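The values are calculated or read from the model by the stated rules, or taken from the named source; none is laboratory data. Just so it is clear, the structure is predicted and the values come from calculations on it, not from any experiment. Positions of Cβ are backbone-derived with ideal geometry, glycine not excepted, and every protein chain shown enters the neighbour counts.
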Ligand code: NAD
């Protein structure tokens, strides 16, 4: 185990971000104590909290702290107070989170969807669709596509207001994310489903061409190209057919929220946003959940499992990641649940209590 302290930039953000991030830190500290790893945390502002304090969603200090850290541990940003600010670059997500991901070179978002056996009844699907275990890894392209393409504007055309978003991908961007998906599949069950809309979109046709070409370098991995709408349906019909799902930024965003319900709640899914130059940005897939913020009832498990991904990818500590996962499993097996995954007869606990329970098990 490394003897140096890992520098972690901690960016709780808004809404439930400030409630869930401390639960992840509790678990990191518990792992640190068991395995003799030191973490040096520095907290900084991002999103609406940063707008309120210093007038911008991604202050320079936050950006430089993040760039100089070994990893960024992120909560969530956004809320009604800031989501309609003008210009758009002043808003928490497009002005805070997106440029942060871009600056860190975090082009690959790894989103595992793992259904814990004891939560099968919390899923929106019939239990038989999940029995025997469900373990899907989404590899979502994160810094290109329609969220970033220019122009992105409104124009007056013949007396009508027209809004334009541009979807653009280069072969380079597609190739590097495809390699990431095939490399991940190689360590798993060796199956990649690549999702696109090659029937109607030019970017998707290039996506399919490049992914198919990259697949030739991985003869041990099976590639299936699937239309995104079909994938949405197949996830509900037979989710166990999937191992790695490779998707662009938009389709990955939509399909992972859908897949979250296989796991019972958005509050269960972690993610790692990684690239080549930096240790990465670690963020649960959900948002700031303003509807439940400030009530200590958010599910912190997505964030706790995100801490586990950080240990695996940024801190060379797969043992710590396994420890966290086992602790979560054991707490769930004992019937403890936050309200979003509550089932009859379970013990409903708060966000902070769930953090305590998992940290104690570690
Ligand atoms: P959301 O993910 O915040 O919430 C959707 C629903 O899921 C809500 O009912 C919420 O209560 C529930 N939920 C989410 N996380 C939960 C958790 N950990 N435990 C229990 N329940 C949970 O999405 P939204 O409501 O569409 O967006 C709210 C705000 O978050 C917006 O401002 C949006 O822009 C922002 N957002 C931020 C991110 C991010 O920071 N990565 C991602 C998505 C949305």
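Assorted remarks:
- Verdict on residue 21 being within 21 Å of residue 354 (Cβ to Cβ) and in a strand (DSSP E or B): no
- The C-beta contact set for segment 88-107 (first residue on the phi > 0 side of the Ramachandran plot, second residue buried (at least 17 other Cβ atoms within 10 Å of the Cβ) and not in a loop (DSSP other than H, G, I, E, B), distance under 9 angstrom, 6+ apart or interchain) comprises 105/274.
- Every residue from segment 257-269 that is surrounded by fewer than 24 Cβ atoms within 10 Å (Cβ to Cβ) and either under 12 Å from the mean Cα position of the chain (by Cα) or within 7 Å of the ligand (Cβ to nearest atom) (or both): 257, 260, 265, 266
- Residue selected from segment 68-89 under the condition touching a helix residue (DSSP H, G or I) at 6+ places or on another chain (Cβ under 7 Å) and assigned to a helix (DSSP H, G or I), by the criterion surrounded by the fewest Cβ atoms within 10 Å (Cβ to Cβ): 88
- Positions within segment 9-30 being surrounded by 24 or more Cβ atoms within 10 Å (Cβ to Cβ) and away from the ligand (no atom under 16 Å from the Cβ), in sequence order: 28
- Scanning segment 316-355 for residues that are more than 21 Å from residue 289 (Cα to Cα), in contact (Cβ under 8 Å) with a residue 24 or more places away in the chain and buried (at least 17 other Cβ atoms within 10 Å of the Cβ) yields 317, 320, 323, 324, 327, 328, 329, 331, 332.
- If you go through segment 68-89 and keep only what is modelled with pLDDT of 95 or more and away from the ligand (no atom under 12 Å from the Cβ), you end up with 68, 69, 70, 71, 72, 73.
- Residues that are assigned to a loop (DSSP other than H, G, I, E, B) and within 16 Å of the ligand (Cβ to nearest atom), drawn from segment 38-59: 44, 45, 46, 47, 57, 58
- The residue of segment 287-296 that is nearest to the ligand (Cβ to nearest atom), among those that are surrounded by fewer than 23 Cβ atoms within 10 Å (Cβ to Cβ) and under 20 Å from residue 98 (Cβ atoms), is 287.
- Residue in segment 297-315 that is within 14 Å of the ligand (Cβ to nearest atom), surrounded by fewer than 24 Cβ atoms within 10 Å (Cβ to Cβ) and outside any loop (DSSP other than H, G, I, E, B) present: no
- Residue that is surrounded by the fewest Cβ atoms within 10 Å (Cβ to Cβ) [pool: residues in segment 90-117 that are more than 10 Å from the ligand (Cβ to nearest atom) and part of a helix (DSSP H, G or I)]: 117
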